[in-house]
Amino acid sequence: MSTHQFQAEVNQLLQLIIHSLYSHREIFLRELVSNASDAIDKLRYLSASDDAYKAIAFDPLIRITFDAASGTLSVEDNGIGMDESDLVENLGTIARSGTRRFLDAMAADKRRDSNLIGQFGVGFYASYMVADTVSVLTRKAGQDSAWLWVSDGKGAYSVEPASRDGHGTTVTLSMNDDGCEYLSRWRLEELIRKYSNHVAFPIHLAYEEEEYDDKGKKSGKKVKKDEQINSAQALWRRQKSELKDQDYVEFYKNIADSDDDPLLWSHTRAEGTVEYTTLFYVPAKAPFDLYYADYKPGVKLYVRRVFITDDDKELLPPYLRFVRGVIDSEDLPLNVSREILQQNRVMNAIRTASVKKILSELKDLAARDKDKYASFVDQFNRPLKEGLYSDYANREALLELIRFKSTAVDGWTSLADYKSRMKDGQKAIWFITGDSEERLRKSPLLEMYRKEGQEVLLCTDEIDELVMPMAGTYGELEFKAVNRAGAEKDISDKKDKETDKDLQPIVDKVKKALGDQVKDVRLSSRLSESPSCIVVDEHDPSIQMAQFMKALGRSADTEVRPILEINGDHPLVAGLASESDEGRIADLAFVLLDQALLVEGAAVKDPADFVARLNRLIAR
Ligand code: ADP
């Protein structure tokens, strides 16, 4: 017998599970059954695709046995099984690279959400919520030796040689006080139906029962019972007409390891050149790892009902990574590798059609149920925007689905609604980017548009800086940033040449004072209340974007200088006409520049200098 220590993360995880999930103890069974089902999936796949396993014939079966007298419960499967090194690797360490972050997410999550556990896939350890000791007796398919793993979950485990009839795994729990309630036929049946009804393999419940004679009296003998509890069908292969909403919801909870109902589902069977079935779900809430690079993909691939993979990020484009579900193809080879999948014609056809289908379902939802769609937008607007720059083929559909904040409405608006509110003669769709909606609503850059009653989209997602300049057109309408130089021509072509000439000396003074701090100083006809604003040249990135890039350490070629626009009607600016003191001109010029930067949420170059100049001006 050899004794091993758990990896530090396992200990930490065990602590978290035991202390934060005790109100969800019953999920231990779902997790064990799901592991059993995965193990059978793996063996079915090998026996269908790998010559070395072809000879292994077996009828998939998961059997749950309990014995109230001895206080034990086991979950047995005839799947792939584990050898000694598998045991050490799988049940003593956590392989996923996001472990640390998962632990942090759990610690930070006030709701202590049991969903996180399943999403992260650390289900086996949930057994320690209901058991004092867990033992795993297992034999790997194709091997003669079996192994017994035992641990009380307190830091160490042992592994020793053992014997077992046939391949597969039996996990046995010695229940603690909390676990005893599950040693009941009714309770177990209820849990199997609740969580595992749609597991594709039969789940049997085996137990002993008092025998009754014809007159209903106990005979004193016990009889053994062994009954199938679940429906054991691949739900997605059944006819839509046979299935109720509840069936779909249960199946979702099963494959997404979620306690919430899904927001939406779509079940499609395609026949023709490429044959396949898909069942997709949009969750009600974003998965916790939505913005992690090593997120867990949500779609499982099957080939003719044989499970192939649940870890392929290419099954759907990355921006749809929140979608959960199943793709089952009739035409792919069973031993399809990841590399082949990527360029496979059949897979490409399925992927393309699947994306179209999901987007069109979302479009229907938007038309059918505004509130529900708004809750979708709250969770998933941002990934859809990623699609705008990664999925050109579906750009138009995505533009219809994405929602924006805007100066004209309080909640979300669609582009179609924006368009319907447009004034006659409005030339483009205006947008402004920045990090706070509140600040954007007050930006001086909007004054001109407000005066003309033209609506501006308020884009506050970080990725808007990347996406919006690439959004191109909506129908025949262009998207245009309001912080471009020359944007006033968007509203009117007229310019008061006389005033321009009068004010030119002021512009010259400011320009001289600011030197190379700015690219240019111009008179603005877009401002009414504010004395100044900053804009950028047509092809320069915005100031916020430039500062963002700098923070990422990519500053060298993104040093953009702003263009300062000043409002000749404002007393601060007009007063410069009669000012000749160079120091005071410089103070005012710098304050005009720095305050314009501040309103846009950009950093001023020298805050101490700004404050000093401001104080001198006030003191005067
Ligand atoms: P997950 O199932 O999400 O990977 P678990 O902690 O539940 O996480 O299981 C860890 C690993 O242990 C599994 O990935 C699998 O390799 C192995 N394992 C667990 N249960 C079984 C089983 N019944 N048969 C074969 N392998 C199993």
Item to check | Conditions (1) surrounded by fewer than 19 Cβ atoms within 10 Å (Cβ to Cβ); (2) in contact with a Leu (Cβ under 8 Å, 6 or more places away or on another chain); number of the one not met by Phe288 | outcome: (1)
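Residue-wise test of (1) in contact with a His (Cβ under 8 Å, 6 or more places away or on another chain); (2) exposed (fewer than 15 other Cβ atoms within 10 Å of the Cβ); (3) at pLDDT 90 or above; (4) in the same structural domain as Leu137 (by TED's automatic domain parsing).
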residue	(1), (2), (3), (4)
Leu61	yes, no, yes, yes
Gly71	no, no, yes, yes
Ser74	no, no, yes, yes
Asp77	no, no, yes, yes
Gly81	yes, no, yes, yes
Ser85	no, yes, yes, yes
Val88	yes, no, yes, yes
Gly92	yes, no, no, yes
Ala95	no, yes, no, yes
Checklist entry - Which residues, counting only those in region 232-265, are over 25 Å from Ala284 (Cβ atoms) and part of a loop (DSSP other than H, G, I, E, B)? => result Ala232, Gln233, Gln239
Checklist entry - Does Ser158 satisfy being among the small types (Gly, Ala, Ser), over 35 Å from the mean Cα position of the chain (by Cα), more than 30 Å from Val323 (Cα to Cα) and surrounded by 15 or more Cβ atoms within 10 Å (Cβ to Cβ)? => result no
Next on the checklist: Any residue at all in region 208-226 that's touching a strand residue (DSSP E or B) at 6+ places or on another chain (Cβ under 6 Å), among the polar types (S, T, N, Q) and not in a strand (DSSP E or B)?
Outcome noted: no
Next on the checklist: Kindly evaluate Asp294 against the criterion of being among the acidic types (Asp, Glu), touching a strand residue (DSSP E or B) at 6+ places or on another chain (Cβ under 8 Å), outside any strand (DSSP E or B) and over 22 Å from Ser360 (Cβ atoms).
Outcome noted: no
Checklist outcome for this item: Inside region 165-192, the number of residues satisfying the requirement of being more than 30 Å from Asp83 (Cβ to Cβ) and without any contact (Cβ under 8 Å) to a residue 12 or more places away in the chain is 5
Next on the checklist: Anything in region 37-59 that is surrounded by 13 or more Cβ atoms within 10 Å (Cβ to Cβ), among the hydrophobic types (A, V, I, L, M, F, W, C) and away from the ligand (no atom under 14 Å from the Cβ)? List them, or say none.
Outcome noted: Ala48, Ile56
Next on the checklist: Against the definition (at pLDDT 90 or above, within 30 Å of Phe479 (Cβ to Cβ) and under 44 Å from the mean Cα position of the chain (by Cα)), how does Leu593 come out, yes or no?
Outcome noted: yes
Item to check | Filtered residue count, region 189-206, keeping only those that are touching a strand residue (DSSP E or B) at 6+ places or on another chain (Cβ under 7 Å), over 22 Å from Phe58 (Cα atoms) and crowded, with 20+ Cβ neighbours inside 10 Å | outcome: 1
Checklist entry - Which pairs do you get when a residue that is closer than 16 Å to Ser85 by Cβ, found in region 149-164, comes within reach of a residue that is among the hydroxyl-bearing types (Ser, Thr, Tyr) and crowded, with 21+ Cβ neighbours inside 10 Å, reach meaning Cβ atoms under 8 angstrom, with the pair 6+ apart or on two chains? => result Trp149/Thr138; Trp149/Tyr157; Tyr157/Ser151; Ser158/Ser151
Checklist entry - Of the residues Ser135, Ser127, Ser158, which is in the same structural domain as Asp77 (by TED's automatic domain parsing), small (Gly, Ala, Ser) and within 10 Å of the ligand (Cβ to nearest atom)? => result Ser127
Next on the checklist: Being under 22 Å from the mean Cα position of the chain (by Cα) and either free of Cβ contacts under 8 Å to residues at least 60 places away in the same chain or within 23 Å of Ala284 (Cα to Cα) (or both) is true for just one of Leu365, Leu341, Leu332. Which residue is that?
Outcome noted: Leu365
Next on the checklist: Residues that are farther than 16 Å from Ala156 by Cβ and more than 31 Å from the chain's Cα centre (by Cα), at least 2 per element: which strands (runs of 3 or more DSSP E) completely within region 1-93 meet that?
Outcome noted: 62-67, 72-77
Item to check | From the options Tyr373, Tyr389, residue that is part of a helix (DSSP H, G or I), open to solvent by less than 50 Å² (accessible area, probe 1.4 Å) and of a type in the set (Phe, Trp, Tyr) | outcome: Tyr373
Item to check | Test for Arg164: is it within 13 Å of the ligand (Cβ to nearest atom) and buried (at least 21 other Cβ atoms within 10 Å of the Cβ) | outcome: no
Next on the checklist: I'm trying to understand the selection: among the residues of region 1-36, which are hydroxyl-bearing (Ser, Thr, Tyr) and either near the ligand (Cβ under 10 Å from one of its atoms) or modelled with pLDDT under 90 (or both)?
Outcome noted: Ser20, Tyr22, Ser23, Ser34
Checklist entry - Is there a residue being at negative phi, of a type in the set (S, T, N, Q) and open to solvent by 60 Å² or more (accessible area, probe 1.4 Å) anywhere in region 263-274? => result yes
Checklist entry - Does Ile327 meet the test of being among the β-branched types (Val, Ile, Thr), within 22 Å of Gln239 (Cβ to Cβ) and surrounded by 18 or more Cβ atoms within 10 Å (Cβ to Cβ)? => result yes
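The values are calculated or read from the model by the stated rules, or taken from the named source; none is laboratory data. All values reported here derive from a predicted model rather than from experimental measurement. With ideal geometry, Cβ positions are generated from the backbone for all residues, glycine too; neighbour counts draw on all protein chains shown. Ligands, DNA and RNA are stripped out before the accessible areas are found, and what is left, the full protein with its side chains, is counted by its heavy atoms. Shrake-Rupley method; radii C 1.70, N 1.55, O 1.52, S 1.80 Å.
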